[in-house]
1. Identify, from the list A:163, A:175, the residue that is under 23 Å from the mean Cα position of the chain (by Cα), part of a strand (DSSP E or B) and under 18 Å from residue A:295 (Cβ atoms).
2. Where residues in the range B:35-59 are acidic (Asp, Glu) and touching a strand residue (DSSP E or B) at 6+ places or on another chain (Cβ under 7 Å), which of them is surrounded by the fewest Cβ atoms within 10 Å (Cβ to Cβ)?
3. With the structure loaded, tell me whether residue A:23 is more than 23 Å from the chain's Cα centre (by Cα) and part of a strand (DSSP E or B) or whether it fails that test.
4. Kindly list, by first and then second residue, each pair from a residue in the range A:246-258 that is more than 7 Å from every other protein chain (Cβ to nearest Cβ) to a residue that is assigned to a loop (DSSP other than H, G, I, E, B), limited to pairs with Cβ atoms under 6 Å and residues at least 6 apart or on different chains.
5. Scan the range A:169-184 residue by residue and report those that are surrounded by 14 or more Cβ atoms within 10 Å (Cβ to Cβ) and within 19 Å of residue A:236 (Cβ to Cβ).
6. Checking the structure you have, find out if any residue of the range B:107-118 is among the small types (Gly, Ala, Ser) and either assigned to a strand (DSSP E or B) or buried (at least 18 other Cβ atoms within 10 Å of the Cβ) (or both).
7. Do you know which residues across the range A:60-91 are over 14 Å from residue A:45 (Cβ atoms) and not in a loop (DSSP other than H, G, I, E, B)?
2 protein chains.
Amino acid sequence: MTTSREIRLAARPVGMPQPSDFELAEVELPEPRDGEVLIRNAFVSVDPYMRGRMNDAKSYVPPFALGEPLTGGAVGQVVVSRDPRWPEGSWVAHSLGWREAAVSDGSGLLPVDPALAPVSTALGVLGMPGLTAYVGLLDIGRPQEGETVFVSGAAGAVGSVVGQIAKLKGCRVIGSAGSPQKVAWLEDLGFDVAFDYREADTREMLREGIDVYFDNVGGATLEAAIGALRVRGRVVACGAISQYNAGEPAPGPRNMFMLVTKRLRMQGFIVSDHDDRFPAFLSDMGEWLRDGRVHYRETIVEGIENAPAAFIGLLQGDNVGKMLVRVGPAA
Amino acid sequence: MTTSREIRLAARPVGMPQPSDFELAEVELPEPRDGEVLIRNAFVSVDPYMRGRMNDAKSYVPPFALGEPLTGGAVGQVVVSRDPRWPEGSWVAHSLGWREAAVSDGSGLLPVDPALAPVSTALGVLGMPGLTAYVGLLDIGRPQEGETVFVSGAAGAVGSVVGQIAKLKGCRVIGSAGSPQKVAWLEDLGFDVAFDYREADTREMLREGIDVYFDNVGGATLEAAIGALRVRGRVVACGAISQYNAGEPAPGPRNMFMLVTKRLRMQGFIVSDHDDRFPAFLSDMGEWLRDGRVHYRETIVEGIENAPAAFIGLLQGDNVGKMLVRVGPAA
């Protein structure tokens with residue numbers, strides 16, 4: 001028998017989640033049966049989209065169940081295997097979420113190569129957030145060399161990769177973030193313009209015009225970006241973290257008619273629809289990381305018991321780069 | 001010398017245009033010089049987009065100049081020609097606007113074949129509004145057979161053609177309009193569902209879901225349509241007549257985040273970018289008219305002096321089908 005601690009959803013948050021919306025539980029895991037593996041997690045992921053699943057609302061993924069552990073991205077090592085595809089000692093990414101260990105029947109398991117990069121990157125720059133940036137920017141936004149790309153939430157796991165890919169593709173890149181420390185990092189990454197949206201006027205910062213807006217935040221920033229887009233500009237609708245804890249749905253941009261006058265395209269996407277792009281992404285991103293053309297940061301919180309605090313911190317913008325919770329030893 | 005009466009912009013409207021924003025003037029036209037033609041207009045067009053040009057705002061077309069005649073679509077007969085390409089007696093469409101007669105240097109002239117259909121159709125079903133419907137629905141909305149298309153302003157010059165093309169392409173079609181008379185016409189045209197948005201709850205009417213929304217009105221209807229769109233739905237952003245006279249820009253849809261969760265695409269367009277589609281459009285639409293597969297209506301106001309009233313009536317929804325002003329004899 002293996003003991004694992006896990007975080008369960010105790011109550012559906014109203015507005016910003018509170019620690020009392022979560023509960024820590026300890027469970028005994030059964031021995032893996034034929035075709036199953038026991039995984040000891042090293043990192044579990046906290047991601048903004050998880051806020052939506054905490055509501056009891058129909059969406060593209062079903063809501064989390066009350067009293068059940070929160071599922072989501074995690075990376076760990078196979079410690080007991082009854083499936084020859086996943087030998088003991090191998091590293092895997094999975095979606096069983098906020099627990100120290102889990103028994104998997106193999107569904108949704110992905111191999112992770114610890115020789116390529118630290119295993120934590122399977123939850124960040126080489127995982128779902130990285131693929132989100134890659135697909136959203138290249139396939140949805142389709143920037144051309146010489147165009148200007150603006151990304152909000154630019155110091156986050158997705159935004160920081162969006163900006164760096166845009167630079168690689170020959171674009172001018174503007175990024176907004178929520179602290180001087182984040183802005184400094186964006187400057188280190190080679191963003192042409194980086195600003196703190198709490199200090200600067202976003203409209204003013206975009207006054208020279210943009211061609212692609214990669215939207216992670218929604219709200220007033222979206223309105224400012226629509227105003228700044230040039231003719232045939234594009235909005236990649238990826239997230240709206242400024243809205244996730246709004247009690248009432250906030251009014252949308254007042255300048256929607258600019259979609260007509262400027263022939264804009266706004267398009268939303270969900271990364272899981274684009275799994276077919278994972279091999280191309282992994283090949284490109286692996287090369288960019290090896291060549292030092294893409295950099296990443298991680299903000300790591302220690303201990304499964306602190307996953308709720310990490311998640312709340314993520315929604316408050318406490319992270320630089322990818323927010324992770326370390327729950328066990330890593331490769 | 002030829003006398004022509006014309007309508008000039010006397011003041012920039014604030015909110016709904018008033019008769020006092022316009023003035024009637026009589027001018028003497030010069031004799032056409034080499035390369036010029038004198039056109040005696042039969043019909044001039046009033047179109048919703050003209051409201052935007054009455055503001056002193058930068059947009060995709062320059063604003064109308066105060067004290068100058070309003071330019072826009074018109075159709076007439078060449079009565080004096082100094083250009084062999086446009087023989088006397090031939091019918092032409094042009095963009096010299098709200099006047100009884102005009103001297104043209106040939107720029108922007110298009111031939112009109114009075115044998116194909118009444119010349120007024122060059123301003124409606126066979127002209128800019130028809131091409132708008134064709135390009136917007138087929139190229140931007142890209143409906144598939146069996147999908148549901150919702151069009152607002154459905155009894156207008158554009159909307160009525162959108163709905164009929166969608167039916168031709170095997171779609172289920174829902175249309176909204178602003179009077180029982182309009183709704184009855186939509187039913188005659190074969191719309192599967194037609195409703196008066198002033199009487200019915202749009203969200204309720206769309207509750208079974210839609211795949212494409214062709215937006216002519218903006219505002220609350222756009223929000224309802226975003227709510228009703230199915231996964232991978234599309235919004236064709238064509239116009240926002242509900243907003244054109246708003247003093248303050250109205251808040252946008254509160255459900256913009258559905259672009260992400262439902263992977264929606266919203267795309268605006270301006271028909272003049274798509275002139276290359278005119279030959280294909282004219283071939284298809286000519287055939288559909290001849291075969292009785294597309295029908296049209298016109299609401300005709302008599303006399304150039306009544307062009308402002310026709311335009312104000314258009315913005316108030318007084319028209320069924322294409323709103324026109326008759327200013328001279330037609331073929």
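1. Of A:163, A:175, the one residue that is under 23 Å from the mean Cα position of the chain (by Cα), part of a strand (DSSP E or B) and under 18 Å from residue A:295 (Cβ atoms) is A:175.
2. Applying the filter and picking the extreme gives B:36.
3. It is true that residue A:23 is more than 23 Å from the chain's Cα centre (by Cα) and part of a strand (DSSP E or B).
4. Listed by first residue and then by second, the contacts come to A:247/A:15.
5. Correct list: A:169, A:171, A:172, A:173, A:174, A:175, A:176, A:177.
6. Yes - at least one qualifying residue is present in the range B:107-118.
7. Here is the first cut: in the range A:60-91, the residues over 14 Å from residue A:45 (Cβ atoms) are A:60-68, A:77-91.
Within the range A:60-91, A:77, A:78, A:79, A:80, A:81, A:91 qualify.
So that you can scan it fast, the table gives a plain yes or no per residue for (1) closer than 20 Å to residue A:260 by Cα; (2) touching a strand residue (DSSP E or B) at 6+ places or on another chain (Cβ under 8 Å):
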| site | (1), (2) |
| --- | --- |
| B:111 | no, yes |
| B:115 | no, no |
| B:129 | yes, yes |
| B:178 | no, yes |
| B:188 | no, no |
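The values are calculated or read from the model by the stated rules, or taken from the named source; none is laboratory data. No experiment lies behind these values; they were computed from the predicted model shown. Neighbour counts run over all protein chains shown; Cβ positions are idealised from the backbone, glycine included.
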